[in-house]
Amino acid sequence: MGQFPAYRPRRLRQTPLLRQLVSETRLHPGQLVLPLFVRSGRKLRRPIAAMPGVFQLSPDELLREAAKAHEAGVPAVLLFGIPDRKDARGSGAYAANGIIQQAVRSLKKELPQLVVITDVCLCEYMEHGHCGIVHRGKTGAKILNDPTLKLLARIAGSHAEAGADMVAPSDMMDGRVRAIREQLDKLGFGDTPIMSYAAKYASAFYGPFREAAESAPKFGDRRSYQMDPANAAEALREVALDIQEGADIVMVKPALAYLDILYRVKTQFGYPTAAYAVSGEYSMVKAAGAKGWIDERAATLESLLAMRRAGADILITYAARDVACWLKEG
Ligand SMILES: [Zn+2]
């Protein structure tokens, strides 16, 4: 490379347009996915205290929110459901007329162009709040892997039948992508892609989400299935497994504290890669922004740009609509 004084990097930083010409990474609304929370009711917008600007929405309000995001240029939403009743089999998750299935049908009817992705998991639907079937033995409670796979496959199938464009398993059970792929194919949804939460860490940054999705575990924690934040090589094995099992898009979650994982996943596999900027990431910027301690817009855009630079193709963020509007304003 060039040497000073012949090479002066500042030459190309002199004006906004010059900087734009040599910009290596760009943000575009077409990369964004907006997570939304839906529960039964009408005209319901229940605010999430720890996530300003985020609500639990009834299906009619969900439609309005999705339409506004779509209008702003956000191509996709990711749906989480809050059922009226929870049980030990998570039956609300795969009920033909469950809250997600209703929401998907109404979104696809009113906004057929919008990409509707569904979260596939059991925690919101289980009375104990875990992502799998719980077995209580003498030595304590255990989350059973293989029996859970059948339920996850059933959930994914019911979402596809309701019209979901893509399913996104977030449970972190071993073998779930294969089970879901087989079920989708069996039901005739061979063209429905799977975005797997491939490297999902047991993270403190999920705190505010549990209020939003009412999915906090009633006992224990999720460390027996979600990944240890200390591990990177293991994340690559997790991603490799999901790809072998049929994942079309792989996700790293959370995003900002795991940019090294994003980079390695994208570099090693070259697969479409999603970064999930989780609730804690959103809430921290919102809180500091509200206090005037940080510029919310600049900090949000810089964080998302960092995820793109690290290798993310898809950015899942609660700020998706704001971001799309900011990007349009330029
Ligand atoms: Zn879960």
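Compare the peptides 278-286, 93-101 by average per-residue count of other Cβ atoms within 10 angstrom and give them in order, highest first.
The most tightly packed comes first, giving 278-286, 93-101.
Please work out the C-alpha center-to-center distance from the range 35-86 to the range 209-244 and express it in whole Å.
Their Cα centres are 24 Å away from one another.
Could you work out which residue, out of Ala274, Ala233, Ala213, moves most in a Gaussian network model of the chain, that is, has the largest mean-square fluctuation with Cα springs under 10 Å?
With Cα springs under 10 Å in the chain, the top fluctuation among Ala274, Ala233, Ala213 is at Ala233.
Let me know the volume per residue of the alpha-carbon convex hull for the chain, in Å³.
153
On the accessible surface of the range 5-56, probed at 1.4 Å, how many percent belong to carbon and sulfur atoms?
It is 57 percent, rounded to a whole number.
Explain nothing, just the number: relative contact order of the range 66-180, from Cα pairs under 8 Å at least 6 residues apart, as a whole percent.
This gives 28 percent for the range 66-180.
Accessible area per residue of the chain at 1.4 Å probe, in Å²?
Counting only protein heavy atoms, the per-residue value for the chain is 47 Å².
If I fit a long axis through the Cα atoms of helix 176-186 and take the longest principal axis of the Cα atoms of the chain, what angle between them do I get, 0 to 90°, rounded to 10?
It works out to around 70 degrees.
How large is the helix-only mean residue ellipticity at 222 nm for the chain, computed as the sum of -39500 (n - 2.57) over DSSP H runs with n ≥ 4, divided by its residue count, in deg cm²/dmol to the nearest 500?
-12000 deg cm²/dmol
Take peptides 288-295, 115-122 and line them up by average Cβ neighbours within 10 Å, highest first, as a rough protection proxy.
Highest-to-lowest ranking by the protection proxy: 115-122, 288-295.
Defining a contact as two alpha carbons under 8 Å apart and six or more residues distant in sequence, what relative contact order in percent does the range 172-247 show?
51
Which one, Ala199, Ala141, Ala247, has the greatest fluctuation when you compute a Gaussian network model over the chain with C-alpha springs under 10 angstrom?
Ala141
Highest mean first, what order results for 72-78, 34-40 on Cβ atoms within 10 Å?
34-40, 72-78
Please report the carbon-and-sulfur percent of the accessible area for the range 189-330; probe 1.4 Å, protein heavy atoms only, DNA, RNA and ligands left out.
53
Enumerate by residue number the GluC sites (Glu not before Pro) in the range 153-238 meeting two conditions: DSSP loop (anything except H, G, I, E, B), and at most 13 other Cβ atoms within 10 Å of the site's Cβ.
Qualifying residues, ordered by number: none.
Could you pull out the trypsin sites (Lys or Arg not before Pro) across the range 123-166 that fall in loop regions by DSSP (anything but H, G, I, E, B) with no more than 15 other Cβ atoms inside 10 Å?
Answer in residue order: Lys138.
Rounded if a/c is under 1.5, else prolate if a/b beats b/c, else oblate: with a ≥ b ≥ c from the C-alpha gyration tensor eigenvalues square-rooted, which is the range 197-330?
It is oblate, given that a/c is not under 1.5 and a/b is not larger than b/c.
The values are calculated or read from the model by the stated rules, or taken from the named source; none is laboratory data. Treat the numbers as computed from the prediction; the structure is a model and nothing was measured. Because the Cβ atoms are built from the backbone with ideal geometry, glycine has one as well, and the counts that use them run over all protein chains shown. With ligands, DNA and RNA removed, areas are computed over all heavy atoms of the protein, side chains included. Shrake-Rupley method; radii C 1.70, N 1.55, O 1.52, S 1.80 Å.
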